[in-house]
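Working notes, structure below.
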Amino acid sequence: MQLEALLQHIGDQKQPPVERWDPPFCGDLDMQIRRNGDWFYQGTPIGRPAMVKLFASVLKREGDDYFLVTPVEKVGLQVEATPFIAVSADRVEDTWIVTNNLGEQQPLDVAHPLDATGDPDNPTLSWRRNLPARVHQNLMYQWQSWALEQGGLDASGRLWLDSGGQRFLLAQT
């Protein structure tokens, strides 16, 4: 029951429906999300976490490009790696609940899968609305240790992590 309540709480954290908005492109902003997750505007760090969370709530990805959108305008920004970083996770019942660098949470499950095979040095988690979160190295170590302790290494040398009723490949030797 604890997992069900937590997933309900996560689902109740509403985000603007940017996937339904298709306003005209208004140009690029001098805004950047750096590899370490810091947001910059005109070369200056955005120091207010509430402002970063506001911008992140209207972030949209189209192909390899990222935009901030409202119902009436769309502006481009640069993302060095991924817009989010998955920094920690807690196991609740049979599911890992992952927290990103902005304090947002998502379950590791079929709707938010882990991809550790595309680029083994930069595994990603599908966060929300087609936005990836790079999995921090410390979190990968945590998951690998957990998987080894739970017997997640198969005869082929692949290491698996179970979460949310799914199996995710962590590593292949």
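The values are calculated or read from the model by the stated rules, or taken from the named source; none is laboratory data. Quantities reported herein were computed from a predicted structural model and do not represent experimental measurements. All Cβ positions, glycine included, derive from the backbone under ideal geometry; neighbour counts span all protein chains shown.
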Quiz prompt | Single residue of 92, 52, 58 found to be more than 30 Å from residue 24 (Cα to Cα) and touching a strand residue (DSSP E or B) at 6+ places or on another chain (Cβ under 9 Å) | solution = 92
Practice problem: Quick one: count up the residues across the range 109-138 that are closer than 16 Å to residue 160 by Cβ, of a type in the set (A, V, I, L, M) and more than 10 Å from the chain's Cα centre (by Cα). | Solution: 2
Practice problem: Return only the number of the condition from (1) outside the structural domain of residue 37 (by TED's automatic domain parsing); (2) surrounded by 13 or more Cβ atoms within 10 Å (Cβ to Cβ) that residue 68 does not satisfy. | Solution: (1)
Quiz item: For residue 18, are the conditions met, namely being within 24 Å of residue 107 (Cα to Cα) and either at pLDDT 95 or above or surrounded by 12 or more Cβ atoms within 10 Å (Cβ to Cβ) (or both)?
Solution: yes
Quiz item: What do you reckon, is residue 40 in contact with a strand residue (DSSP E or B) (Cβ under 8 Å, 6 or more places away or on another chain), surrounded by 12 or more Cβ atoms within 10 Å (Cβ to Cβ), more than 13 Å from residue 131 (Cα to Cα) and free of Cβ contacts under 8 Å to residues at least 12 places away in the same chain?
Solution: yes
Quiz item: within 18 Å of residue 133 (Cα to Cα) and touching a strand residue (DSSP E or B) at 6+ places or on another chain (Cβ under 7 Å): does that describe residue 25?
Solution: no
